[in-house]
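**Student:** For reference, the structure I am asking about is given below.
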Amino acid sequence: MPTAAHGPLVRQSEVISALSRAIDLTEGQPMGHAARSCVIGMRLAGELGLDAADRSALFYALLLKDVGCSSTAARVSQILGGDDLDFKGGLKRIDWNRPSEAVRHIVGSTAGSPVDRLRRVAAVARTGARLGDELVGLRCDRGAQILRLLAFPDATVVAMASADEHWDGHGKPAGLRGDGIAPLGRILGLAQTAEVFVAAGGPQAAADVVRHRRGTWFDPALADLFEHVARDATFWERVASPDVTAHVAALEPAERVVLADDDRLDLIAEAFGRVVDAKSPFTSRHSERVAETAAGIGAVLGLGASELRDLRRAGLLHDLGKLGVPNTVLDKPGKLTPAEWQLMRRHPAYTAEVLAHVECLRPIAHTAASHHERLDGSGYHRGLAAAALPLPARILAVADVYDALAHDRPYHAAMPTERVLAIIAADAGTRLDSESIAALRALLAGAGSALAA
């Protein structure tokens with residue numbers, strides 16, 4: 001593999017296709033949804049004979065189509081009082097332009113007493129169209145920010161923002177119609193819908209839905225092309241592959257392959273950290289702060305440059321799995337029930353699963369997924385004890401606890417630094433690493449209030 005001044009080069013597509021599995025979680029979809037949508041969309045692009053520039057723009061729009069969706073999670077949960085993941089997942093399986101289907105889905109997604117549910121449904125009914133525009137607009141704005149952070153071309157941004165526009169003008173957020181919808185957006189919209197129905201009932205089920213929505217949701221010519229693709233059994237075997245992300249990199253136009261060095265990988269980790277932090281108003285900049293605190297502790301303890309870089313990336317990505325936890329749990333102000341705790345305790349496992357699919361990030365997977373483990377074995381998700389927790393994992397655990405206590409959470413207000421340090425010190429040597437705690441104290445003493453910002 002060629003190398004650059006900043007370390008080995010890796011295919012950016014391999015990294016992003018694997019990390020897209022985390023984004024699938026926040027849309028209530030099985031891991032691999034975006035990758036499978038990418039395989040479908042790129043097949044349509046090939047049939048249409050799109051040039052390399054358009055295929056490259058579409059390729060990344062398909063993989064990152066839902067990158068802004070975490071930003072709507074808290075709002076959806078607030079409105080419905082129910083599981084944002086179930087609501088979003090179900091929304092992709094209905095025709096939300098049909099009032100009867102939309103109402104049934106909303107009623108089924110609300111939570112609380114009968115009076116609470118009635119009140120919530122009535123509120124949605126009063127503001128339905130405006131609320132839909134708000135949520136899709138929020139998703140598109142946030143997604144555009146992430147795509148621009150990663151320096152993707154405007155064509156990728158436009159395709160992502162057009163994913164829910166419909167041929168008949170009844171889509172969102174802009175109500176674009178017919179040829180007014182960007183061609184790449186038309187492909188993306190059909191591909192993501194087809195994937196959901198292929199996963200549920202196979203290619204014929206997807207073909208039936210596409211045919212039914214021909215001329216309403218979808219470009220008629222594109223819908224007809226999909227009918228042809230739906231008959232290719234060999235193609236659908238590839239789509240259904242258990243590790244579909246392994247096939248995705250080969251679909252990137254060869255003349256447009258992007259090779260990422262360490263600086264680019266750092267930027268990708270930062271972008272996905274922002275996706276995670278957007279899921280809850282209580283975690284704004286949490287991943288960034290944890291990463292900086294952990295790297296600071298590591299520097300005090302004398303870790304080398306490559307170790308610090310890995311530690312910072314682990315901090316940015318440690319909560320990827322929270323994208324798969326409902327906001328009714330993440331933002332709950334009171335004590336979690338046993339069932340809710342079970343959901344919460346899954347998130348480090350999700351983090352480990354996602355990072356295991358990114359070859360160049362596998363070295364940090366153990367550290368990132370161990371941030372709730374404790375030296376005495378009382379942590380989660382694996383109940384590891386001191387012997388299985390190397391120094392980077394111990395550092396990250398201390399940094400995560402520090403940030404959680406020092407900033408507002410649904411269940412407590414931000415605490416003063418000295419109180420936080422006293423709480424952490426009580427676990428020194430038993431649950432948390434003494435050396436890392438001492439380094440945190442030294443870091444805070446030297447950094448003033450910078451880490452508390």
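The values are calculated or read from the model by the stated rules, or taken from the named source; none is laboratory data. Quantities reported herein were computed from a predicted structural model and do not represent experimental measurements. Don't worry about glycine lacking a Cβ; one is built from the backbone with ideal geometry, like all the others, and counts go over all protein chains shown. The area values use the complete protein model at the heavy-atom level, side chains included, leaving out ligands, DNA and RNA. Shrake-Rupley method; radii C 1.70, N 1.55, O 1.52, S 1.80 Å.
**Student:** At a 1.4 Å probe, what is the % contribution of carbon and sulfur to the accessible area of the chain?
**Tutor:** Carbon and sulfur together cover 56 percent of it.
**Student:** On a C-alpha basis, how far is the centre of segment 203-263 from the centre of segment 124-194 in Å? Whole number, if you could?
**Tutor:** About 19 Å separates the Cα centre of segment 203-263 from the one of segment 124-194.
**Student:** Oh, and also: Against the longest principal axis of the chain, how steep is helix 12-26, in degrees 0 to 90 to the nearest 10, with axes from Cα atoms?
**Tutor:** Relative to the chain, helix 12-26 is tipped by roughly 90 degrees.
**Student:** Would you calculate a helix-derived [θ] at 222 nm for the chain, using -39,500 (n - 2.57) for each DSSP H run of n ≥ 4 and dividing by the full residue count, to the nearest 500? Please report the intermediate quantities before stating the final value.
**Tutor:** Numbers: 23 runs with 276 residues, N = 453.
It comes out at -19000 deg cm²/dmol, rounded to the nearest 500.
**Student:** Right, something else. Based on the Cβ-Cβ distance from residue 204 to residue 103, what FRET efficiency comes out when R0 is 25 Å, to the nearest 0.05?
**Tutor:** 0.30
**Student:** For semi-axes √(5λ) of the Cα gyration tensor in Å, pick the label among (1) 53, 28, 24; (2) 39, 27, 18; (3) 50, 34, 22 that corresponds to the value derived from the coordinates.
**Tutor:** Recomputing semi-axes √(5λ) of the Cα gyration tensor in Å here gives the entry labelled (2).
**Student:** Could you pull out every one of the aspartates and glutamates with an alpha carbon less than 18 Å from that of residue 335, ignoring same-chain neighbours closer than 8 positions?
**Tutor:** Residue 335 reaches 83, 408.
**Student:** Moving to a separate point now. Cross-link list 92/322; 65/172; 92/332: which exceed 24 angstrom alpha carbon to alpha carbon?
**Tutor:** Too far apart for the 24 Å limit: 92/332.
**Student:** Sticking with this structure for a sec: Can you pull the one-decimal nm distance between simple spin-label points at residue 382 and residue 299, each 7 Å off the Cα toward Cβ?
**Tutor:** 3.0 nm
**Student:** Count neighbours as other Cβ atoms within 10 Å of each site's Cβ, and list the trypsin sites (Lys or Arg not before Pro) in segment 202-232 that are DSSP loop with at most 13 such neighbours.
**Tutor:** For trypsin sites (Lys or Arg not before Pro) across segment 202-232 that sit outside H, G, I, E and B with at most 13 neighbouring Cβ atoms in 10 Å, the list reads 231.
**Student:** Could you tell me which trypsin sites (Lys or Arg not before Pro) in segment 253-342 are loop residues by DSSP with no more than 16 other beta carbons within 10 angstrom of their beta carbon?
**Tutor:** Listed in order of number, the matching sites are 285, 335.
**Student:** Residue separation times 0.36 nm, minus the C-alpha to C-alpha distance between residue 221 and residue 234: what's the value?
**Tutor:** Extending this stretch completely gives an extra 2.4 nm.
**Student:** So which aspartates and glutamates can residue 88 reach, going by Cα to Cα under 16 Å and dropping same-chain residues fewer than 8 places off?
**Tutor:** 24, 27, 66, 101, 133, 134, 164, 195
**Student:** Taking the solvent-accessible surface of protein heavy atoms with a 1.4 Å probe, what is the per residue accessible area of the chain in Å²?
**Tutor:** 40 Å²
**Student:** Here is a further query. Return the FRET efficiency for the residue pair residue 119, residue 257: r is the Cβ-Cβ distance, R0 is 51 Å, and the value is rounded to the nearest 0.05. Could you put the intermediate results ahead of the total?
**Tutor:** Values: r = 53 Å, r/R0 = 1.04.
Rounded to the nearest 0.05, the efficiency is 0.45.
**Student:** Suppose R0 equals 45 Å. What FRET efficiency, 1/(1 + (r/R0)^6) with r the Cβ-Cβ distance, do residue 52 and residue 170 give to the nearest 0.05?
**Tutor:** 0.85
**Student:** Write down the percent of antiparallel bridges among all DSSP beta bridges whose residues are both part of the chain, to the nearest 5.
**Tutor:** On the way: 6 of 8 bridges.
If we restrict to bridges inside the chain, about 75 percent are antiparallel.
**Student:** State to the nearest 20 debye the size of the charge dipole of the chain about its Cα centre, where the only charges are +1 on K and R beta carbons and -1 on D and E beta carbons.
**Tutor:** Details: 50 positive and 55 negative charges, 239 e Å.
The dipole of the chain has a size of about 1140 debye.
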